[in-house]
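Notes follow the structure.
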Amino acid sequence: MMAMGAAGRYPGATPLLHLQGIVKQFPGCRANDDVDLSIAPHEIHALLGENGAGKSTLVKIIYGVMKPDAGSIAWQGKPALIGSPAQARALGIGMVFQHFSLFEALTVTENVALGLTDKADRVGLADRIADISRRYGLPLDPARSVHDLSVGERQRIEIVRCLLQKPKLLIMDEPTSVLTPQEVFHLFATLRRLADEGCSILYISHKLEEIRALCRRATIMRLGKVVAECIPAEKSARELAELMISARLQPQSFAHSIDNQGTPRLVLDRLTIRSNQQFGTDLKDISLSIAAGEILGIAGIAGNGQSELMDALSGEIPAGRPETITLDGMPIGHDGPRDRRRRGCCFLPEERNGHGAVTSMTLAENGFLSGHVRGALQRLGLIDRRRTGEFARAIIKAFDVRTTGPEAEARSLSGGNLQKFLIGREMLQQPTLLMLNQPTWGVDAGAAAAIYEAIVALARNGAAVLIISQDLDEILMLCDRIAVIASGRVSVPIPVRDATIEQIGLQMGGTAMPDHNVKLPETRYAVSA
Amino acid sequence: MTTLEFTSFIVSIISASTPLLLAASGELVTEKSGVLNLGVEGMMLVGAIAGFATAHATGSAMLGVAAAALAGVAISMLFAVLTLSLLANQIATGLALTIFGHGFAALLGAGYVGIAAPTLPNLDIPGLSTLPVIGPIVFGQNILVYASLAILGTIAWFLRRSHYGLILRAVGDSHDAAHAIGYKVLAIRYAAIGFGGAMAGIAGAYLSLYYSPLWSQDLAAGRGWIALALVVFSAWRPLWLLIGAYLFGGITFLSLYLQGLGVPIPAPFVSALPYIGTVVVLVLISRDRRRIRLNQPACLGKSFHAVA
């Protein structure tokens with residue numbers, strides 16, 4: 001019915017793609033429940049929903065990666081069976097994945113060639129890549145190896161790869177999560193141009209302002225069902241968010257504390273560290289301080305030294321001199337992670353699997369791993385099973401972790417749920433300094449709000465908090481001061497209320513960013529004060 | 001050293017190097033697809049006895065080579081099923097394959113000890129093969145010597161220039177990405193393992209039908225392991241594989257030659273030279289991470305489990 005309404009809005013136009021009654025059942029979860037979706041020619045259509053709403057499943061069905069249990073797909077008015085990605089591409093469907101399917105050791109041209117099944121398509125490929133990248137404003141050098149490229153450049157490879165096949169429908173899965181505001185601006189220009197030239201776009205995101213700025217129509221999913229179809233420009237971001245998540249949103253206004261410059265708790269003095277990773281970023285001359293009761297956010301695009309900074313702060317990589325890092329005046333630059341925890345630091349790295357948690361161990365055991373010092377979970381050098389279990393239960397309860405209990409293996413939890421457990425594990429240790437890298441990566445909006453509240457509560461009780469995040473909205477909403485990390489350097493922190501999106505965007509791009517004259521629509525990231 | 005001695009010295013080095021080159025070429029392709037098959041030694045031995053027995057029964061050494069290749073494929077498929085379809089650990093399975101191949105070949109070969117079989121012919125071009133020095137070296141080698149060079153050249157072209165070679169490298173670099181694009185990761189790896197098996201089998205046949213044309217269960221004498229070391233030594237590049245094979249082959253032969261001359265260098269030390277060489281090269285190239293990253297298959301030794 002909804003779909004008929006959609007067709008009625010564009011009289012005379014057959015929908016390019018029309019899904020009806022799509023059902024996909026997984027063990028224990030119905031990922032898609034009677035989903036209808038209709039995309040018109042020339043249309044930029046948003047698919048909006050939280051993590052776990054069934055967006056990815058639906059897209060995989062459209063792209064032929066999964067088969068639906070029930071329902072029908074019509075392509076340009078005719079019933080279509082999409083059994084594999086190759087068939088989807090043959091129909092004219094291209095997809096840019098959230099996690100790029102690229103081969104690091106191969107060149108741009110070789111990567112693109114791998115996506116082309118027809119031999120004739122591969123003749124003169126490098127020239128055509130250069131040609132398309134010029135025409136659509138996607139600068140790219142065909143001869144370079146992928147591992148030398150930035151995330152933005154990698155995404156361009158995926159887009160160019162799709163465009164070479166002259167698609168009629170381009171699916172973009174969370175394309176902006178790794179881009180600077182300037183890159184987002186350019187991407188949107190490219191997408192609008194594509195839509196004008198006749199390529200429809202299915203745009204998957206949970207960033208509401210982007211969808212309002214870009215998309216003509218939106219289909220909103222929640223728990224596997226379509227809950228609404230609307231014109232996003234006619235709705236406020238708040239209305240969209242409420243359609244997207246079941247509970248009504250609590251007004252999120254974490255009042256930024258005013259000039260609360262207490263005594264510095266953590267001080268970095270010209271921290272310089274060579275990365276131990278293969279393609280890592282060296283840290284250069286980083287100086288900053290965090291006061292008790294303050295939340296400092298470090299923004300930046302992935303791969304600019306965030307993980308190295310986190311390793312230096314947690315003690316996984318020792319600093320050059322002990323005085324380079326001081327905690328409450330004590331030099332701790334040579335202390336290991338356990339000594340730093342003993343002094344009141346708690347931290348959580350970005351990678352949950354294998355770094356933040358041991359996936360093959362139970363939740364209780366994972367709780368013990370970082371909590372045994374501050375939680376006093378040892379007795380006579382042995383694991384105190386009873387207290388460890390209680391500790392895990394307390395985390396599960398306080399952070400609403402959906403699991404069978406403390407004895408569940410960490411790997412059995414979904415990414416967002418495990419993240420909630422791990423954040424809870426660090427917070428319940430009552431740290432005086434909390435450091436988190438990507439705290440809400442893969443966590444749905446409701447859980448993220450709970451995490452934010454807990455962070456703010458901790459800071460108001462006198463803890464210093466450092467948050468490293470690629471989600472600029474998150475930092476602007478949550479933090480008192482913001483700094484930007486780019487190519488291993490950290491800018492001087494400034495109060496969030498003095499920060500402009502343009503200035504931050506330029507800092508995120510580093511000095512290599514040539515587009516100083518790009519005018520960003522000011523409204524797009526307006527901070528609700 | 002007389003001209004004749006020099007000629008025979010070079011010919012001997014080429015002879016000693018060829019089985020290494022054959023086996024290592026196959027393993028290179030297998031590893032480029034992301035699979036580490038440590039069973040080269042076992043596959044060589046099974047190939048050696050299969051080739052020997054077939055040649056003995058049919059009287060044709062060439063049929064023996066074909067049978068050796070088939071036997072190599074058959075035993076490598078055992079490894080492929082275990083590691084690819086049943087997701088067994090590749091290192092453990094490869095070691096098991098070597099041990100199994102050793103015993104299995106000895107069992108099959110029990111009745112062939114001390115028997116002669118037809119041997120593989122040398123190239124013989126009238127007029128050319130009898131020329132001094134160049135004749136025996138360039139025109140008078142065993143036919144598998146020429147085959148090994150041709151195959152390596154083809155592999156180099158295949159990996160660098162052909163589209164299927166690109167797919168093979170892509171599977172070795174990121175099986176998840178290759179799968180996402182729609183390539184059949186397992187089918188490609190089955191094929192690559194099979195090719196490695198065939199080449200190891202042929203290397204075995206070269207040993208049993210030409211190099212020391214009598215069956216003994218110690219025929220391979222660690223050459224499978226040297227071939228494995230060679231692939232790493234070459235940093236997965238065909239040209240360096242060729243250089244390495246002749247270098248290691250030369251060292252192997254040198255140990256015999258020096259012993260013959262009565263030079264007081266302990267034989268075990270000379271035998272260890274290829275491995276010491278590999279260690280040194282590994283240390284040297286690991287200083288340049290970029291180069292390793294560009295050539296070493298990132299998925300080497302990792303099991304691929306497609307998530308639906």
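Any read-out appearing in this document is the output of simple, stated calculations on the displayed coordinates, not a laboratory observation. Quick caveat: nothing in here was measured; it's all calculated off a predicted structure. Positions of Cβ are backbone-derived with ideal geometry, glycine not excepted, and every protein chain shown enters the neighbour counts.
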Worksheet item: Over the protein assembly as shown, what is the percentage of antiparallel beta bridges among all DSSP beta bridges, to the nearest 5?
Response: 50 percent
Response to the item:
Expressed as a whole number, the average count of other chain Cβ atoms within 10 Å around the Cβ atoms of A:111-119 is 3
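I need the calculated FRET efficiency for the pair A:T117 and A:R193, taking r as the beta carbon distance and R₀ as 30 Å, to the nearest 0.05. Kindly include the intermediate steps, with their values, before the conclusion.
Numbers: r = 27 Å, r/R0 = 0.89.
Calculated transfer efficiency: 0.65.
Calculate, in nm to one decimal, what A:S72 and A:A13 gain on full extension: separation in residues at 0.36 nm each, minus their alpha carbon distance. Walk me through the intermediate numbers first.
Details: separation 59, 0.36 × 59 = 21.24 nm, distance 1.93 nm.
Working it through step by step, the gained length comes to 19.3 nm.
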Worksheet item: Other chains near A:228-241: what is the mean number of their Cβ atoms within 10 Å of each residue's Cβ?
Response: 0
Fill in: Reach of A:K284 by Cα under 18 Å, taken over aspartates and glutamates that are not fewer than 8 positions away in the same chain
A:D269, A:E308, A:D311, A:E316, A:E323
Worksheet item: What does a probe at A:S275 reach in region A:475-493, counting residues whose amide N is under 13 Å from the point 7 Å along Cα→Cβ?
Response: A:486-489
Practice prompt. Pop a pseudo-label 7 angstrom from the Cα along the beta-carbon direction at both A:A126 and A:T263 and give the gap in nm to one decimal.
Written response: 6.3 nm
Worksheet item: For the Cα atoms of chain A, what angle does the longest principal axis make with the long axis of helix A:415-427, in degrees from 0 to 90, nearest 10?
Response: 20 degrees
Response to the item:
Between A:G320 and residues 5 or more places away or on another chain, the pairs with built amide H atoms under 5 Å apart involve A:T272
Fill in: Note, ³J(HN,Hα) from phi for region B:32-43, Karplus 6.51, -1.76, 1.60, rounded to Hz, x at Gly and Pro
4, 7, x, 10, 9, 10, 7, x, 4, 4, x, 5
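Please compute the length gained on full extension between A:R338 and A:V23, using 0.36 nm multiplied by the number of residues separating them and subtracting their Cα-Cα distance. Before the final figure, lay out each step's value.
Details: separation 315, 0.36 × 315 = 113.40 nm, distance 4.92 nm.
In short, 108.5 nm is gained.
Would you work out the relative contact order for region A:354-430, in percent, from Cα pairs under 8 angstrom that are 6 or more residues apart?
Working: 87 pairs, mean separation 30.9, N = 77.
Normalised by residue count, the contact order of region A:354-430 is 40 percent.
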Discussion item. Cross-link candidates for A:K119: which lysines have Cα within less than 17 Å, leaving aside residues fewer than 8 places away along the same chain?
Written reply: A:K166
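If R₀ is 45 angstrom, what is the calculated FRET efficiency for the pair B:M77 and A:E234, using the beta carbon separation as r and rounding to 0.05? Each step should come with its number before you reach the end.
On the way: r = 62 Å, r/R0 = 1.38.
My answer for the efficiency is 0.15.
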Worksheet, complete the sentence: Per its Cα gyration tensor (rounded if a/c is under 1.5, else prolate when a/b beats b/c, else oblate), the protein assembly as shown is best filed as prolate
Discussion item. Please list, ordered by chain and number, the residues whose modelled amide H lies under 5 Å from the amide H of A:M435; skip anything fewer than 5 residues away on the same chain.
Written reply: A:C346, A:F347, A:L348, A:L466
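Report the relative contact order of chain A, percent, no decimals, based on alpha-carbon pairs under 8 angstrom and at least 6 residues apart. All intermediate terms of the calculation are to be shown ahead of the outcome.
Values: 1019 pairs, mean separation 74.3, N = 529.
The value is 14 percent.
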Worksheet item: Based only on Cα atoms, what Rg/Rh ratio does region B:3-295 have, Rh being taken as Kirkwood's radius?
Response: 0.98
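Quick one: putting +1 on the C-beta of Lys and Arg, -1 on the C-beta of Asp and Glu, what dipole do you get for the protein assembly as shown around its Cα centre, in Debye to the nearest 20?
It works out to roughly 620 debye.
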Worksheet item: Between B:L239 and A:K284, what is the label-to-label distance in nm when each label sits 7 Å out along the Cα-to-Cβ direction?
Response: 3.5 nm
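Rounded to the nearest 0.05, what FRET efficiency do A:L369 and A:A302 have when you use their Cβ-Cβ distance and R0 = 30 Å? Mind showing how you got there, number by number?
On the way: r = 26 Å, r/R0 = 0.86.
According to the calculation, E is roughly 0.70.
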Discussion item. Multiplying the sequence separation of B:D124 and B:L258 by 0.36 nm and subtracting their Cα-Cα distance, what value in nm do you get?
Written reply: 45.2 nm
Discussion item. To make sure I understand the rule: partners must be lysines, Cα under 17 Å from the Cα of B:K184, and not fewer than 8 residues away in the same chain. Which ones qualify?
Written reply: B:K32, B:K302
Worksheet item: Where does each of A:M427, A:M172 land when they are ranked from fewest to most other beta-carbon atoms within 10 angstrom?
Response: A:M427, A:M172
Worksheet item: Expressed as an acute angle from 0 to 90° and rounded to the nearest 10, what is the orientation of the C-alpha long axis of helix A:385-398 relative to the principal long axis of chain A?
Response: 50 degrees
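Tell me, what is the percent relative contact order of chain B, built from C-alpha pairs under 8 Å that lie six or more residues apart?
On the way: 538 pairs, mean separation 109.8, N = 308.
Result for chain B is 36 percent.
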Discussion item. If I build a Gaussian network model for chain B, linking alpha-carbon pairs within less than 10 angstrom, which residue out of B:V171, B:V283, B:V35 has the largest mean-square fluctuation?
Written reply: B:V283
Response to the item:
Per residue of A:103-109, other chain Cβ atoms within 10 Å number on average 5
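Filter the cross-link list A:K67/A:K397; A:K24/A:K168; A:K67/A:K207 down to pairs whose alpha-carbon distance in this structure exceeds 32 Å.
Details: A:K67/A:K397 37 Å; A:K24/A:K168 25 Å; A:K67/A:K207 28 Å.
From the list (A:K67/A:K397; A:K24/A:K168; A:K67/A:K207), the Cα-Cα distance tops 32 Å for A:K67/A:K397.
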Fill in: Helix axis angle, B:185-206 relative to chain B longest principal axis, alpha carbon, degrees
10 degrees
